[in-house]
Amino acid sequence: MEETTMNTQAFDDGKAEAFGGKMTDILNYSFLGYMCSIGHQTGLFDTMSGLAATTSEGIADATGLNERYVREWLGGMVAGGIVEYDPGAAAYTLPQEHAQVLTRASGPDNMAFYASYLSIIGEIEQQVVDSFRNGGGVPYSAYPRFQTVQAEESAMLFDTALVGSMMPLLPGGVDALVAGIRVADIGCGQGHALNLLAKAFPNSHFVGYDLSEEGIAAARQEATALGLRNASFEIRDVADLGADGSYDLITAFDTIHDLAQPGKALRSIAEALRPGGLLFMGEFAASSNLEENLDNPMASMLYGFSLFYCMTTSLAIGGDGVGTMWGEQTAREYLQEAGFTDVEVKQVEGDPLHNYFTAKKQ
């Protein structure tokens with residue numbers, strides 16, 4: 001056991017007072033986060049963005065929600081500086097400057113959406129606490145609504161950027177997709193990204209792989225609704241794709257770091273690609289070195305997301321527990337060990353959370 005020493009630093013009253021204030025802010029903002037999640041899920045933010053100053057009764061009528069609950073929620077929104085209040089008219093207003101990061105019309109800029117993850121985390125918190133004491137992790141099956149929320153998050157970005165901004169990052173990728181190639185998406189979830197690509201590039205053939213029966217069913221349903229004949233979906237372990245070298249392009253969005261064995265999965269992807277085939281991988285823009293994350297305004301959220309989901313779901317099945325913060329340098333090392341060359345890292349305008357890797361099979 002490592003020897004520990006006593007902390008003999010002098011007590012700083014000013015520092016203590018300042019930190020007490022910070023903890024008060026943390027508690028206030030934590031509860032505001034949950035209330036923002038409710039504002040997103042119930043459509044309150046979306047409705048209020050189109051209303052002039054309105055009473056709680058008017059807002060409840062416009063949303064079809066219970067007025068008493070709406071009024072209490074509005075109280076928290078006003079106290080937190082999110083909604084403005086006119087006491088004389090008992091009327092509430094959502095400023096347009098706030099609405100631009102709180103509504104579905106904002107697409108990937110909708111910050112209220114991310115608060116939806118808080119309720120999911122709250123439901124599995126005690127299992128994570130148990131993992132601190134006993135090791136192991138929390139299985140994916142324990143997370144309520146997770147895939148639905150992830151699908152909404154992906155759609156916010158993919159609907160606006162996948163075809164027009166992300167695919168052009170691939171060297172020669174758009175021309176190849178137009179001409180017709182074979183594409184696989186790893187960890188496709190509900191398949192929205194793959195279906196968007198299949199619709200945009202009808203000469204190419206697309207297949208999505210995921211272990212979730214629920215996700216694959218939703219993906220197939222959407223493909224049918226869109227009338228797609230060039231998209232299919234299979235329940236399959238992405239660490240065992242087969243060494244047939246038949247794919248020209250494999251995509252993996254927010255997937256590799258979650259897997260039990262990222263290195264094995266990347267080797268499997270390499271084997272499934274033809275010589276010269278491309279991997280397009282989206283991963284969080286973070287570092288495996290703590291000191292390199294300190295200037296990242298989203299660092300605490302990313303560490304929390306790693307702790308409460310990415311790392312623990314991997315450890316739950318005996319995985320490496322790479323987590324969200326594996327970083328560009330670590331990802332490059334994994335790609336090189338798997339046999340990829342010509343690794344490039346790029347970003348998409350409007351998506352500060354991610355790095356996008358392109359890599360070529362030798």
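The values are calculated or read from the model by the stated rules, or taken from the named source; none is laboratory data. What you are looking at is a predicted structure, and each value in this text was computed from that prediction instead of being measured. All Cβ positions, even for glycine, are placed from backbone atoms using ideal geometry, and neighbour counts span all protein chains on display.
Yes/no matrix, rows are residues, columns are (1) touching a Phe, Trp or Tyr at 6+ places or on another chain (Cβ under 7 Å); (2) at pLDDT 95 or above; (3) not assigned by TED's automatic domain parsing to the domain that holds residue 252:
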position: 126; (1), (2), (3): no, yes, no
position: 131; (1), (2), (3): no, yes, no
position: 135; (1), (2), (3): no, yes, no
position: 144; (1), (2), (3): no, no, no
position: 147; (1), (2), (3): no, no, no
position: 152; (1), (2), (3): yes, no, no
position: 155; (1), (2), (3): no, no, no
position: 158; (1), (2), (3): no, no, no
position: 163; (1), (2), (3): no, yes, no
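Has region 147-155 got any residue that is surrounded by 17 or more Cβ atoms within 10 Å (Cβ to Cβ) and hydroxyl-bearing (Ser, Thr, Tyr)?
Yes.
Determine, yes or no, whether residue 350 is of a type outside the set (S, T, N, Q) and surrounded by 14 or more Cβ atoms within 10 Å (Cβ to Cβ). Before the answer, list the steps.
Working: of a type outside the set (S, T, N, Q): yes; surrounded by 14 or more Cβ atoms within 10 Å (Cβ to Cβ): no.
No: the conditions fail for residue 350.
Do we find a residue being under 22 Å from residue 266 (Cα atoms), buried (at least 20 other Cβ atoms within 10 Å of the Cβ) and among the charged types (D, E, K, R) anywhere in region 166-184?
Scanning region 166-184 turns up no residue that is under 22 Å from residue 266 (Cα atoms), buried (at least 20 other Cβ atoms within 10 Å of the Cβ) and among the charged types (D, E, K, R).
Just one of (1) at pLDDT 95 or above; (2) buried (at least 18 other Cβ atoms within 10 Å of the Cβ) trips up residue 200, so point out which.
Every condition holds for residue 200 apart from (2).
Is there a residue in region 268-288 that is closer than 21 Å to residue 162 by Cα and basic (Lys, Arg)?
No, the conditions are met nowhere in region 268-288.
Does residue 129 satisfy the criteria of being of a type in the set (A, V, I, L, M, F, W, C) and within 24 Å of residue 300 (Cα to Cα)? Break it down into steps so the answer makes sense when it comes.
Values: of a type in the set (A, V, I, L, M, F, W, C): yes; within 24 Å of residue 300 (Cα to Cα): yes.
Against the criterion (of a type in the set (A, V, I, L, M, F, W, C) and within 24 Å of residue 300 (Cα to Cα)), residue 129 qualifies.
Which numbered condition in (1) surrounded by fewer than 18 Cβ atoms within 10 Å (Cβ to Cβ); (2) within 19 Å of the chain's Cα centre (by Cα); (3) assigned to a strand (DSSP E or B); (4) of a type outside the set (S, T, N, Q) is the only one that residue 274 fails?
Checking residue 274 against (1) surrounded by fewer than 18 Cβ atoms within 10 Å (Cβ to Cβ); (2) within 19 Å of the chain's Cα centre (by Cα); (3) assigned to a strand (DSSP E or B); (4) of a type outside the set (S, T, N, Q), the one that fails is (2).
Which ones in region 45-58 are in contact with a helix residue (DSSP H, G or I) (Cβ under 6 Å, 6 or more places away or on another chain) and in a helix (DSSP H, G or I)? Break it down into steps so the answer makes sense when it comes.
Initially, region 45-58 is screened for residues in contact with a helix residue (DSSP H, G or I) (Cβ under 6 Å, 6 or more places away or on another chain), giving 45-47, 49, 56-57.
Once the filter is applied, which keeps residues that are in contact with a helix residue (DSSP H, G or I) (Cβ under 6 Å, 6 or more places away or on another chain) and in a helix (DSSP H, G or I), region 45-58 yields 45, 46, 47, 56, 57.
If I filter region 304-326 for residues that are out of contact with any Asp or Glu (no Cβ under 7 Å at 6 or more places or on another chain), in the same structural domain as residue 171 (by TED's automatic domain parsing), among the charged types (D, E, K, R) and farther than 23 Å from residue 143 by Cα, do I get at least one hit? I'd like the intermediate steps shown before the answer.
Initial filter on region 304-326 (out of contact with any Asp or Glu (no Cβ under 7 Å at 6 or more places or on another chain)): 304-309, 311-312, 315-326.
From what is left, the residues that are in the same structural domain as residue 171 (by TED's automatic domain parsing) are 304-309, 311-312, 315-326.
Those left that are additionally among the charged types (D, E, K, R): 320.
Filter once more, so that each one left must be farther than 23 Å from residue 143 by Cα: none.
No, region 304-326 contains no residue that is out of contact with any Asp or Glu (no Cβ under 7 Å at 6 or more places or on another chain), in the same structural domain as residue 171 (by TED's automatic domain parsing), among the charged types (D, E, K, R) and farther than 23 Å from residue 143 by Cα.
Go through the residues of region 127-147 one by one and say whether even a single one is under 22 Å from residue 37 (Cβ atoms), among the hydroxyl-bearing types (Ser, Thr, Tyr) and touching a residue at least 12 places away in the same chain (Cβ under 8 Å).
Yes, region 127-147 has at least one match.
Scan region 283-338 for residues that are at positive phi and either surrounded by 15 or more Cβ atoms within 10 Å (Cβ to Cβ) or β-branched (Val, Ile, Thr) (or both) and report the count. Lay out the reasoning, then the answer.
Step one: filter region 283-338 for residues at positive phi, giving 318, 321, 323, 327.
The next check asks that each one be either surrounded by 15 or more Cβ atoms within 10 Å (Cβ to Cβ) or β-branched (Val, Ile, Thr) (or both); those that pass are 321, 323, 327.
Adding up the residues that qualify gives 3.
If you take just the helices (runs of 4 or more DSSP H) that sit entirely in region 59-122, which of them hold at least 2 residues that are out of contact with any His (no Cβ under 9 Å at 6 or more places or on another chain) and modelled with pLDDT of 95 or more?
Values: elements: 67-79, 96-99, 111-114.
Filter on region 59-122 gives 67-79, 96-99.
Evaluate the following for residue 193: is it surrounded by fewer than 16 Cβ atoms within 10 Å (Cβ to Cβ), outside the structural domain of residue 41 (by TED's automatic domain parsing) and within 27 Å of residue 275 (Cα to Cα)? Don't jump to the end; show me each part of the working.
Values: surrounded by fewer than 16 Cβ atoms within 10 Å (Cβ to Cβ): no; outside the structural domain of residue 41 (by TED's automatic domain parsing): yes; within 27 Å of residue 275 (Cα to Cα): yes.
No: the conditions fail for residue 193.
Having 2 or more residues that are of a type in the set (Gly, Ala, Ser) and free of Cβ contacts under 8 Å to residues at least 24 places away in the same chain is the bar; report the helices (runs of 4 or more DSSP H) wholly within region 291-362 that clear it.
Output list reads 299-305.
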